[in-house]
Every structure is written in C-alpha cells, then in structure tokens.
Amino acid sequence: MKDYETAAWRESMRLKINYNNMMKSTLILDGFTADEIKALPLEAAFKAMTAKRGQLKWRELPHNQEEIVAKIEETAAWVREEAEYFVVLGIGGSALGPIAVHQALRHLNYNELPREKRGGPRLYVLDNVDPERFAALLDVIDIQKTVFNVITKSGSTSETMSQLLIAVDLLKKAVGEDISRHLIATTDKEKGNLIKIAKQENLTTFIVPDGVGGRFSELCPVGLVAAAVCGIDIRELLAGAAYMDMLTQNENVLQNPACVLGALQKVAMDRGMNIHVMMPYADSLKYISDWYAQLWAESLGKKFGLDGKVVHAGQTPVKALGVTDQHSQVQLYTEGPFDKVVTILGVDKFRTVTPIPEGYPDIPDVHFLSGHTHNELIQAEQAATAYALTKSGHVNYTITLPEVNPFTVGELLYMFEVATAFAGELLGIDAFDQPGVEEGKKATYALLGKPGFDEKRAELAARPAEDPAYIL
Ligand code: PA5
C-alpha cells in the first residue's frame with residue numbers, strides 16, 4: 001500500500017495557508033478585514049464555478065485517467081529503456097508544467113547525474129525558437145538515442161510545428177523513415193495538423209482532452225508523459241490533485257483553500273494591488289512560479305467581462321525566488337508602493353539536511369552560523385521576509401508544503417488552477433480563453449505566409465508607418 005492511500009498520510013500532507021499577514025489584525029496599518037472579504041459574492045461565484053464543472057474537464061483529470069496512466073507508464077518504460085535523451089517540443093501551457101514538475105520532483109542537477117542515478121533519459125524542454133537554442137541542443141544530444149515528445153493542443157502553433165519539422169528532418173536522416181520509436185505526439189484528438197502527422201508517421205499519440213486548455217493541462221498527458229519518463233510517480237501526483245479537489249469542493253468558501261486564495265487576490269485587486277509576486281523559498285519550486293505566472297496572467301488578463309463590457313481585468317504576476325531575491329527585489333517589496341501581494345511558498349521538511357560545520361570560533365560574526373543547518377537558515381530568512389513585509393505594511397501570505405513530493409505538488413497545481421477559476425468568476429471574466437495570445441499567433445501566421453491569413457496580412461500591412469524620428 002502506498003503512503004498516499006492512507007487517509008492519515010494524506011491529511012499530514014495537506015497544504016497550509018496562513019493569511020494573517022493580509023489582515024488588519026496583524027498588519028496593523030491597512031490590512032484587509034474579514035467583512036471586506038465576506039462582502040464579495042463568494043457563494044455566487046462558487047456556485048457559478050461549480051455549475052461549469054461539466055465543461056471544465058481539467059477538474060476531472062485526477063479521477064478519470066486510469067487507462068491513460070497505464071498507457072503512459074507503458075510508454076515511459078520503453079522510453080526509459082531505449083532513450084538517453086527525452087526532448088519536449090512545446091511552448092506555453094505545453095512546456096511550463098513539464099518544466100515545473102520536473103524541477104520540483106527530480107534531482108536539482110538531474111541531467112548531470114550518471115545514468116544509474118537518473119534511471120531515465122536526460123530531459124530537455126525546448127520552449128522557445130531562439131535560433132541558438134536548437135543548435136545548442138544538438139551539441140549535447142545524440143539524435144539516434146533521442147525520443148522527442150511534441151506537444152501542442154491546437155496542433156498548429158508555429159513555434160512547436162517548426163521545432164517538429166526540424167526534429168523530423170534530423171530523425172529521418174539519422175534513423176530512416178520509421179521514426180515511430182523516436183517521436184511521441186500529444187495533441188487534440190482531431191483538430192490541428194499534429195494529429196494528421198501522428199497518424200501518417202504511426203506515432204504513439206496521447207490526447208489532450210476537450211475542455212482542458214493549455215495552462216490547465218499539466219495533469220493530463222501534456223505533463224504526465226515527461227514526468228513518468230523521468231521516474232516521477234504520476235499516480236501520486238494525481239492523488240494529490242484528487243485530495244485537493246475534495247478540499248476545493250467545500251461549500252464553506254472561507255474554509256475552501258482555492259476560494260480563499262481567489263478572494264484575497266480579488267480584495268487586493270479592488271484595492272489597486274495589481275501585482276502578484278510568487279516567491280518560493282525552495283529551488284525545487286522555482287519554476288512553479290513560471291507555470292503560475294502563465295496560469296494567472298493568461299486566465300485573468302481580459303479586456304471584456306462576461307457581460308461584454310470593457311473591463312481590462314487582471315493582475316500582473318511576478319516571479320521571485322527566496323532567498324535569492326531577498327538580495328534584490330525584496331527592497332522594493334518592503335519599501336516600494338503598496339501595489340503588490342507577495343505569496344510565499346514554504347517547505348516544512350526538505351528532502352536533505354545540510355549542516356553548517358564548525359569553523360572560525362575566533363570570528364563570532366561567522367561562527368554563529370556553525371551548528372545550524374541550511375534548512376534552519378532558509379526558514380529563518382523566509383520568516384524574516386514575511387516579518388519585514390508585514391512590518392512595512394505590505395500584504396503577504398504563506399502557503400506551506402509539508403514536504404515537496406508528487407502528492408503535495410499535485411495539490412499545489414490543482415489548488416492554483418481552481419483558485420484561478422474562482423478569481424475569474426469574481427472578476428466576471430472568462431478565465432479559459434486567450435484572445436490576446438491568439439492575436440499574436442495569427443499575426444505570426446500572416447507574417448510568415450500561412451495560407452488563409454491574407455486578411456490578417458493586409459491588416460498588418462495597413463498599420464501606420466513608423467516615424468523614423470523615434471528610431472535612434
Ligand atoms: O494556455 C494556453 O492556451 C496557451 O498558453 C497555450 O498553451 C500555448 O499557446 C501553446 O498552445 P498549443 O498547445 O496549442 O501549441
């Protein structure tokens with residue numbers, strides 16, 4: 001029996017949210033009041049979100065993937081056996097989740113470990129089309145020992161499809177026409193071009209289910225394939241998400257972790273705090289901030305409300321890392337404008353203890369560190385930052401993971417997804433579309449001559465000419 005199958009263990013792994021430092025009682029100066037939070041239409045927003053559950057298919061991912069998980073594990077087994085390199089081709093929601101989960105749950109220097117310690121292939125995620133990026137990859141991989149996983153829900157994103165064209169060309173030159181042991185496709189079941197290519201090349205194919213948008217897709221094959229290939233227990237990841245699903249169904253919204261987070265941010269936005277800093281105090285959680293930035297920004301940054309009125313909603317996510325950014329951005333956070341909420345992500349029990357050895361007893365200002373551990377130091381620094389922020393009247397709250405493991409990471413991802421959906425309801429916007437991103441995609445297609453984009457090409461050509469006076 002796995003740990004996560006027992007109720008007591010699950011409860012011991014429950015994330016803790018402490019938002020005292022958002023509230024008037026602690027913050028003294030200008031904290032939020034309980035009445036201010038309760039004045040939001042919390043119940044109505046919760047009901048609206050719950051009523052949409054049937055469309056929000058990402059909410060079912062912790063529960064309905066038994067067969068898919070078995071297929072992923074089967075695929076991961078042969079990839080782990082055959083491949084030295086596993087390369088994810090994708091961007092946005094198709095890349096940020098795999099990066100975040102890998103960083104959280106594998107060794108921090110995973111790729112540098114010897115094969116026997118890694119257990120699986122090295123992982124690379126190509127989430128950009130910087131011309132130097134693919135070339136740099138080719139300097140460190142051997143194509144014949146590489147399996148690519150091309151991920152695009154739409155099956156048409158220029159960045160990903162261009163990467164695919166390069167990978168297929170390289171593979172055919174290196175291994176011949178049959179590339180089916182070197183390329184895995186993850187895409188929509190019928191929309192877009194990747195599914196056609198997958199059939200043509202006879203590829204192992206995973207489907208991004210309907211109703212699961214890019215930034216809500218980490219817990220489907222988009223994220224699970226890379227995770228399983230790198231040896232992460234994806235069943236435990238999903239169990240953590242399922243546990244959080246149970247917690248986020250609590251109708252008592254002030255006891256519902258996702259609703260509390262959404263409500264706090266809504267009060268903050270109403271008060272003009274348009275910046276949301278995500279600051280993990282753990283290197284393993286560093287890229288959770290990148291994943292979260294996309295989720296929060298792309299979901300909530302909207303021009304129109306559900307009623308069609310112009311609202312220009314949203315809150316700008318900022319990525320920070322404790323302790324590192326205590327020596328840079330924290331100066332701004334403690335003494336700068338009152339336009340931010342700082343979310344601290346803490347860890348109770350790290351996977352390693354690093355003792356600070358005895359040394360220099362004749363220099364007390366150094367020696368005081370001896371006998372402590374890096375665990376104590378990072379936690380003291382985290383507490384110190386929360387204190388400094390609070391003392392200066394800057395709102396902040398802390399989410400604590402008892403440990404970083406697949407279960408707690410599953411909880412965290414799922415909680416943030418539901419919090420985002422809930423904040424979307426409170427803001428009265430559609431959190432699941434991305435017309436601003438689509439506009440950029442269409443303009444790229446037009447600029448590069450994709451068939452069917454003549455009108456967009458003409459629109460771009462008709463834009464006002466640039467004034468040379470403003471170009472130095
Ligand atoms: O969340 C989203 O929908 C986007 O950020 C997409 O993930 C991103 O644009 C990539 O799209 P696709 O997976 O269709 O290639």
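Determine, from the Cβ-Cβ distance of residue 380 and residue 469 and an R0 of 60 Å, the FRET efficiency 1/(1 + (r/R0)^6), rounded to the nearest 0.05.
FRET efficiency, residue 380 to residue 469: 0.65.
What whole-number value in Å² describes the accessible area per residue of the chain for a 1.4 Å probe?
I get 47 Å² per residue for the chain.
Under a plain spin-label model, where a point goes 7 Å from the Cα along Cα-to-Cβ, how far apart in nm are residue 17 and residue 66?
Each label point is offset 7 Å from its Cα along the Cβ direction, giving 3.2 nm.
Could you list, in their original order, any pairs among 189/441; 153/196; 153/340 whose Cα atoms are separated by more than 23 Å?
From the list (189/441; 153/196; 153/340), the Cα-Cα distance tops 23 Å for 153/340.
Put 210, 35 in order of accessible area, largest first, 1.4 Å probe: what do you get?
Ranked from most to least accessible, the order is 35, 210.
Excluding ligands and nucleic acids, what accessible area in Å² is computed for residue 287 using a 1.4 Å probe, to the nearest 10?
About 70 Å², rounded to the nearest 10.
Residue separation times 0.36 nm, minus the C-alpha to C-alpha distance between residue 430 and residue 391: what's the value?
Contour length minus the Cα-Cα distance gives 10.4 nm.
What pairs from 57/199; 24/319; 57/266; 145/349 go past 28 Å between their alpha carbons?
Violating the 28 Å Cα-Cα cut-off are 145/349.
Calculate, in nm to one decimal, what residue 8 and residue 368 gain on full extension: separation in residues at 0.36 nm each, minus their alpha carbon distance.
Computed gain between residue 8 and residue 368 is 125.7 nm.
Set the Förster radius R0 to 45 Å, insert the Cβ-Cβ distance between residue 51 and residue 165 as r into 1/(1 + (r/R0)^6), and round the FRET efficiency to 0.05.
Computed FRET efficiency for residue 51 and residue 165 comes out at 0.60.
Can you tell me how region 187-343 classifies by the Cα gyration tensor, rounded, prolate or oblate, using a/c under 1.5 as the rounded cut?
The shape class here is prolate.
The values are calculated or read from the model by the stated rules, or taken from the named source; none is laboratory data. Just so we're clear, the structure is a prediction, and the values are computed from it rather than from any experiment. Because the Cβ atoms are built from the backbone with ideal geometry, glycine has one as well, and the counts that use them run over all protein chains shown. Surface areas here come from the heavy atoms of the whole protein model, side chains and all, with no ligands, DNA or RNA. Shrake-Rupley method; radii C 1.70, N 1.55, O 1.52, S 1.80 Å.
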